[in-house]
Amino acid sequence: MTHSPRLPLIAGLPMAVAAGLAIPVQGRINGALGARLNDGIAAAVVSFTTGLVVMIVVSLVLPRGRRGLAQILPALRERRFPPVYAMAGGIGAFFVFAQSFTVGLLGVALFTVATVTGQTLSGLLVDRLGIGPAGKKSVTGIRVLGTVLTIAAVAWAVSPRFGGAGGAGDSGADPGRLLLPVILPVLAGFLMSFQQAMNGTATVHYGTPIAATLVNFVSGATVLWLAWLIKVAVAGPGNGLPPEWWYYLGGPMGCAFIGLGALLVRSLGVLVTGLGMIAGQLLGSLGLDLAFPAPGTVVALPTVLGTILTLGAIVLATLPWPRGALKRQPGR
């Protein structure tokens, strides 16, 4: 097993924020692709398949990727970690499917609040159980407060979009009809913390997040292809693939935030890694709305202030960490 040095908070947290920047871009691409294909599962298949191709190339070209590739089968055969961890990509597949299927129904705002709620709550649970490579983290009052403030800040930041056009923002939307579409992203967000913990543990044993990300895309693509083939047999295929190149960028963006997440959870823990990605998600959404606004997009004061409050809540949630990190033995 390869022991890489842990990143200090001051270096790891900005990396988590940077990884989160790709999530809203991926969400918009996959949501648009799902609408274009009229098939959320097909859009998820396209996203994961393109990501898988990227990870195969990276694993074969980079020396570290080849070393990690050589460790995958021995790690699984020797059961260095629970074998179910190799199926963490199925959680990613579910998240991408939830993106593709529900963003068009709910709108980006409600989708974001739902996933953030699930992810922050499960981040506390996963850290408390010690599932990830960083070990058990106590559920302190300040971490709970930071978590609650994060959910409230995200809801405030996206609140101007609830009244906008499209998706769940329409004032005439029936709340009862939105129940199942809302449950899907809440569950997807809840499971994301488990995926990050599983990937982080696998990364320690593979020696590189490249291998963990590759295994994610293999398992996720397998699950999605099987689901899509069943869907085609039952309901037939959707529309044909679009010619525009940008529809196929969702998978490579997934490579970035899955790989960085797997790298960072060992140093930061699952909750802080997730909160950093949430901050990046909000900053990325704000940047998208300013640079490439969708029809009906509103960039209002609550969006800016809510994003700033989210950053403050994340800083609050990380306050106890520096002193605790100094007491830990390297590689423990």
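Looking at 81, 95, 111 in this structure, which one is closer than 18 Å to residue 203 by Cα and open to solvent by less than 20 Å² (accessible area, probe 1.4 Å)?
Only one candidate qualifies: 81.
Quick check on this structure: which one of 298, 315 is at pLDDT below 75 and either polar (S, T, N, Q) or not in a helix (DSSP H, G or I) (or both)?
After applying the criteria, what remains is 298.
Just name the residue that is farthest from residue 228 (Cα to Cα) out of those in the range 33-71 that are out of contact with any helix residue (DSSP H, G or I) (no Cβ under 8 Å at 6 or more places or on another chain) and in contact (Cβ under 8 Å) with a residue 60 or more places away in the chain.
Across the range 33-71, the extreme among qualifying residues is 67.
Of the residues 116, 139, 148, which single one is under 14 Å from residue 313 (Cα atoms), out of contact with any Pro (no Cβ under 8 Å at 6 or more places or on another chain) and open to solvent by 30 Å² or more (accessible area, probe 1.4 Å)?
Exactly one residue qualifies, and that residue is 148.
List pairs: first residue in the range 212-226 and within 14 Å of residue 252 (Cα to Cα), second residue surrounded by fewer than 21 Cβ atoms within 10 Å (Cβ to Cβ) and among the acidic types (Asp, Glu) anywhere in the structure, Cβ distance under 8 angstrom, at least six positions apart or on different chains.
none
Condition check ((1) part of a helix (DSSP H, G or I); (2) within 16 Å of the chain's Cα centre (by Cα); (3) among the small types (Gly, Ala, Ser)) across all residues:
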residue: 24; (1), (2), (3): yes, yes, no
residue: 28; (1), (2), (3): yes, yes, no
residue: 36; (1), (2), (3): yes, no, no
residue: 46; (1), (2), (3): yes, no, no
residue: 51; (1), (2), (3): yes, yes, yes
residue: 57; (1), (2), (3): yes, no, no
residue: 66; (1), (2), (3): yes, no, no
residue: 70; (1), (2), (3): yes, no, yes
residue: 84; (1), (2), (3): yes, no, no
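Residues 109, 157, 152, 168: which one is small (Gly, Ala, Ser), at negative phi and at pLDDT 75 or above?
152
It is to be established whether one or more residues within the range 257-272 are of a type in the set (A, V, I, L, M), assigned to a helix (DSSP H, G or I), open to solvent by 10 Å² or more (accessible area, probe 1.4 Å) and at pLDDT below 80.
No, every residue in the range 257-272 fails to be of a type in the set (A, V, I, L, M), assigned to a helix (DSSP H, G or I), open to solvent by 10 Å² or more (accessible area, probe 1.4 Å) and at pLDDT below 80.
When residue 216 is evaluated against the numbered criteria (1) under 16 Å from residue 45 (Cα atoms); (2) open to solvent by 10 Å² or more (accessible area, probe 1.4 Å); (3) in contact with a helix residue (DSSP H, G or I) (Cβ under 6 Å, 6 or more places away or on another chain), which criterion, by number, is the only one it fails?
(2)
Cβ contacts < 7 Å: first residue under 17 Å from residue 29 (Cα atoms) and free of Cβ contacts under 8 Å to residues at least 12 places away in the same chain, restricted to the range 250-261; second residue part of a helix (DSSP H, G or I) and open to solvent by 20 Å² or more (accessible area, probe 1.4 Å), any location; separation 6+ or different chain. Result?
Qualifying pairs under 7 Å: none.
Out of the residues in the range 240-256 meeting the condition of being assigned to a helix (DSSP H, G or I) and open to solvent by less than 30 Å² (accessible area, probe 1.4 Å), tell me which one is modelled with the highest pLDDT. Before you say what the answer is, go through the steps one by one.
Initial filter on the range 240-256 (assigned to a helix (DSSP H, G or I)): 245-248, 250-256.
Cutting the leftovers down to open to solvent by less than 30 Å² (accessible area, probe 1.4 Å) gives us 247, 250-251, 254-255.
Numbers: 247: 93, 250: 90, 251: 90, 254: 87, 255: 90.
The selected residue is 247.
Suppose we filter 61, 54 for residues that are open to solvent by 20 Å² or more (accessible area, probe 1.4 Å) and out of contact with any Phe, Trp or Tyr (no Cβ under 9 Å at 6 or more places or on another chain); which single one remains?
61
Residue 222 is checked against (1) surrounded by 24 or more Cβ atoms within 10 Å (Cβ to Cβ); (2) out of contact with any helix residue (DSSP H, G or I) (no Cβ under 7 Å at 6 or more places or on another chain) and fails just one. What number does that condition carry?
Of (1) surrounded by 24 or more Cβ atoms within 10 Å (Cβ to Cβ); (2) out of contact with any helix residue (DSSP H, G or I) (no Cβ under 7 Å at 6 or more places or on another chain), only one is false for residue 222: (1).
The values are calculated or read from the model by the stated rules, or taken from the named source; none is laboratory data. What you see is a predicted model, and the numbers here were worked out from it, not measured in a lab. Counting neighbours? That spans all protein chains shown, and the Cβs are built from the backbone with ideal geometry, glycine included. Ligands, DNA and RNA are stripped out before the accessible areas are found, and what is left, the full protein with its side chains, is counted by its heavy atoms. Shrake-Rupley method; radii C 1.70, N 1.55, O 1.52, S 1.80 Å.
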